[in-house]
Every structure is written in structure tokens, then in C-alpha cells.
Amino acid sequence: MTDSSEGPAPVLGSLPASPRPVAKRAITPRAGSAHARIMSVGACRPRQVVTNADICASIDSTDEWIRERSGIESRRMAPPDVSMIDMAAAAGLDALTRAGLPAEEIGAVLVATSTHLRPTPSAAAVVAHRMGAVPAAAMDVAAGCAGFCHAVALGGDLVKGGTARHVLVIGAEKLSVFLDPADRSTAFLFADGAGAAVIGPSDSPQIGPTVWGSDGSQADVITTRASWLQYREEAGASWPYVTMQGQSVFRWAVFAMAKVAQAALDAAGVSAADLVAFVPHQANLRIIEALGKKLGLADHVVIARDVVTAGNTSAASVPLAIDALLAEQAAGGPQVSGGLALLFGFGAGLSYAAQVVELP
Ligand SMILES: CC(C)(COP(=O)(O)OP(=O)(O)OC[C@H]1O[C@@H](n2cnc3c(N)ncnc32)[C@H](O)[C@@H]1OP(=O)(O)O)[C@@H](O)C(=O)NCCC(=O)NCCS
């Protein structure tokens, strides 16, 4: 009988003295572009304007309270027959038109979203097909409100690595599907929309290094009330409405995130004074202004404040805010095209990503 405590016989002694090397051929690498740039942005804003008075029909609140605490005066919400995918494709086509690039030239489509309604297939594959961006690689990026800045990082690196020559990055959300109209902490905040950017090759660095990260220990701070499985299996389980611990998010965004914004400036080798614009996630005007103060932004730096009329559109908010700055420029506002902007997404995960880019 064998004593099992002895364990298996040592195997080292049975290895061949000198293993024969495997014959192999060197892999051909693919050369990418030295640098990448944002060639254009596009937007899709649902037509329906929802005022604070409309929101207050379902919650005990006032227009004054909502403006004071969030800066939001109105937001856009899509009707039942317009989906997140419809908005993503519309924003993507707008960006392609503005870049003057045919859809077939797109090598990859990345859709940053938290409101895709099916686990499979990806929203990106459907969006790519709708736009005629076939056979582009297509995938979704789930990084909450930081999703678009994650996708910009990935898109820039795909172009530089030679995996795709042009990448269409889209942030799209139909948050109204996941908003409990009776929840006082979220009903006034979140909204619908989509924004997009075409990323392509460049002779000079126009997308700076990304500073990004996550903290899953705070996963519960912005989440949904139930999982899909709980919704299906548990009696009385809620639809997975978005829930948020407002004060925790506020503290994290203002205190921890200011350091990340500064780190992105440092990584790009620029200072706050070199910026023409600061385009943070349009979470809430108080957070945006507190971050601007912490960065010590000079008066000439335009701070994106699209949240006032767009609400918080999560992954769509940064490209929508760039689109708004370009629209203001076209209407005689400050010149931002060709200048440096700090893009900064942060939110559920918790997750964050920031980079300095040259605006198209
Ligand atoms: C959501 C937020 C505006 C709430 O403000 P707050 O000051 O933290 O609110 P509190 O929950 O502490 O409540 C403070 C008071 O306002 C009241 N209140 C809460 N929601 C209200 C509403 N929608 N309308 C009116 N009053 C409200 C509370 O009842 C409480 O009243 P009390 O002092 O009499 O008890 C704030 O926490 C915030 O901006 N958080 C960040 C949210 C964000 O940007 N999320 C996006 C991240 S991607």
C-alpha cells in the first residue's frame, strides 16, 4: 500500500536533458502610423427636450433645486421608437461625413455604452453594419461614463499599432430606459444622446498618453438596482434601474479625480495654461466647476458646460460636449479647433480615463 502523504514522484529528473528547439518563422509585424489624431466629431441629440418642470411631475423637487445642485436646466430624451443603436449610428454617420471619409474606410468601430439592451451581439457590430462600415471589427466598451475616453485611448493605439487605419469611436446611451422617474437622486440627472469621433493617422502627436484606471471596491456607488438574473428570478425584484450614492460620487469626482486630470496634463508634457478647452464628463456642473478650479484653469480656457441643456449622458457626454464647443465656435464663439483640450471621463466602475487631444 502506498502512503498518499508521499505525493507524486518528482518529475524534474525525467525531463529530457536538452529539449529540441521548435522550428519557427519570424512573425511579420504590421507597421502603424507614427501618431494618431481625432479627425472629426459627430453628434445625435434626441429632439425631445425634457424640462426640470417635467421631471418634477414625478419627484418631490423644484427647478431651483435641480439647477443649484446639478446646473441642469433641461435634457434630451429619446422617444420609444428611437434606440441607443439608432442614436449611435446617427452620430457615427455625422462624424464620418464631417471627416469626409467613406464608411468602408473604417477598420474598427468601438461603441462605449452602458445601455445596450442585449448581452449579444455587440451594439458595435449592428452599428457598423447600419453605417456600411463592413467588415470593420466591432466591439463595445463598458466603462460607464468614462467609456468614450477609454475608446479614444484604444482607437489611438489601434491606429498607431497598425491594427486599423481609421477607427470610429462612439459614446451612446439611452439612459431613460434605466431611470426610475420617481428616484430623486437620479431622475433629474441622466439623459439620452450619442457622440462620435473618427480617429485616423497623423504626422504629429495629436492624442496624448491616456491616464486611466478603476476601483471596483466602489462598484456599488453607481450600479443598477437588480441584476438581470435577480430581475428574472426574485419575486418583486425591480427592473435594473440605475442607482447612485450621490455624495460618494461627488467626493470621489472632486477630490480623487483632480489628480488624474493633472496626471494626464503631465503625461502629455503640457500645463493647464496650454489648453484651449477642458472637456470633462458632463456629470454635473458643480463637479465640472470644482475640477476646473482645482486644475487652476486660466480664464482663456473654455470649460465645456453642455450638461446645462444635455443632462448627464454618461459615455456620450464628452463627444457631445466637444460637438457643442465646435458649434459655439461656428456661431462666433471662442476658437477651439486646432487647440489642445483635456478630455476626462469618470464614473461607474468606478473608472476613469483622461487624455490631452488636439481638437479637430
Ligand atoms: C445628487 C446630488 C445633486 C444630491 O445632492 P446632495 O446635496 O448630495 O443631496 P442629499 O442626498 O445629501 O440630500 C440633501 C437634501 O436634499 C434633498 N433632496 C435629495 N434629492 C432631492 C431632489 N431631487 N430634489 C429636492 N431635494 C432633494 C434631500 O432630501 C435632503 O434634504 P434634507 O437636508 O432636508 O434631509 C449630489 O450628491 C451630486 O451632485 N452627486 C454627484 C452626482 C453625479 O454627478 N453623478 C454622476 C456621476 S457619473
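Annotations
- Flag if residue 138 is outside any helix (DSSP H, G or I), in contact with a strand residue (DSSP E or B) (Cβ under 6 Å, 6 or more places away or on another chain) and crowded, with 22+ Cβ neighbours inside 10 Å: yes
- Extreme residue, most open to solvent (accessible area, probe 1.4 Å), among residues of region 150-169 that are under 20 Å from residue 28 (Cβ atoms) and hydrophobic (A, V, I, L, M, F, W, C): 158
- Top-ranked residue in region 174-188 [being of a type outside the set (Gly, Ala, Ser) and under 13 Å from residue 245 (Cα atoms); ranked as most open to solvent (accessible area, probe 1.4 Å)]: 184
- Residue match in region 114-130 (condition: within 16 Å of the ligand (Cβ to nearest atom) and at negative phi): yes
- Residue count for region 328-360, restricted to those that are surrounded by fewer than 19 Cβ atoms within 10 Å (Cβ to Cβ) and at positive phi: 2.
- Meets criteria (at pLDDT 95 or above, open to solvent by less than 40 Å² (accessible area, probe 1.4 Å), more than 16 Å from the ligand (Cβ to nearest atom) and under 24 Å from residue 324 (Cα atoms)) for residue 111: yes
- When the residues of region 307-327 are filtered to those that are within 14 Å of the ligand (Cβ to nearest atom) and either more than 13 Å from the chain's Cα centre (by Cα) or assigned to a loop (DSSP other than H, G, I, E, B) (or both), the one that is surrounded by the most Cβ atoms within 10 Å (Cβ to Cβ) is 313.
- Flag if residue 246 is modelled with pLDDT under 95 and either within 24 Å of residue 52 (Cβ to Cβ) or open to solvent by 20 Å² or more (accessible area, probe 1.4 Å) (or both): yes
- Selection count where residues are within 14 Å of the chain's Cα centre (by Cα) and open to solvent by 10 Å² or more (accessible area, probe 1.4 Å), scope region 114-126: 2
- Of the set (1) more than 20 Å from residue 242 (Cβ to Cβ); (2) touching a residue at least 40 places away in the same chain (Cβ under 8 Å); (3) within 16 Å of the ligand (Cβ to nearest atom), all apply to residue 303 but (2).
- Filter pass, residue 220 being part of a loop (DSSP other than H, G, I, E, B) and open to solvent by 30 Å² or more (accessible area, probe 1.4 Å): yes
- In the condition set (1) over 16 Å from the mean Cα position of the chain (by Cα); (2) within 15 Å of the ligand (Cβ to nearest atom); (3) within 14 Å of residue 355 (Cα to Cα), residue 281 is compliant with all but (1).
- Residue satisfying condition, being under 17 Å from residue 310 (Cβ atoms), open to solvent by 40 Å² or more (accessible area, probe 1.4 Å), among the hydroxyl-bearing types (Ser, Thr, Tyr) and within 16 Å of the ligand (Cβ to nearest atom), within set 62, 51: 51
- Region 243-256 residues that are farther than 11 Å from residue 220 by Cα and near the ligand (Cβ under 6 Å from one of its atoms), paired with ones that are open to solvent by 40 Å² or more (accessible area, probe 1.4 Å) and in a helix (DSSP H, G or I) (beta carbon under 8 Å, 6 or more apart): 250/286
- Residues (within 16 Å of the ligand (Cβ to nearest atom), closer than 30 Å to residue 131 by Cα and part of a loop (DSSP other than H, G, I, E, B)) located in region 180-214: 191
- Residue 129 surrounded by fewer than 24 Cβ atoms within 10 Å (Cβ to Cβ), part of a loop (DSSP other than H, G, I, E, B) and under 23 Å from the mean Cα position of the chain (by Cα): no
- Scope region 251-284; condition among the aliphatic types (A, V, I, L, M), out of contact with any Leu (no Cβ under 7 Å at 6 or more places or on another chain) and open to solvent by 30 Å² or more (accessible area, probe 1.4 Å); matching residues: 256, 263, 267, 268, 273
The values are calculated or read from the model by the stated rules, or taken from the named source; none is laboratory data. Just so it is clear, the model here is predicted, and its values are computed rather than measured. Reconstructed Cβ throughout: ideal geometry from the backbone, glycine too, with neighbour counts over all protein chains shown. Heavy atoms of the whole protein, side chains included, go into the accessibility calculation; ligands, DNA and RNA do not. Shrake-Rupley method; radii C 1.70, N 1.55, O 1.52, S 1.80 Å.
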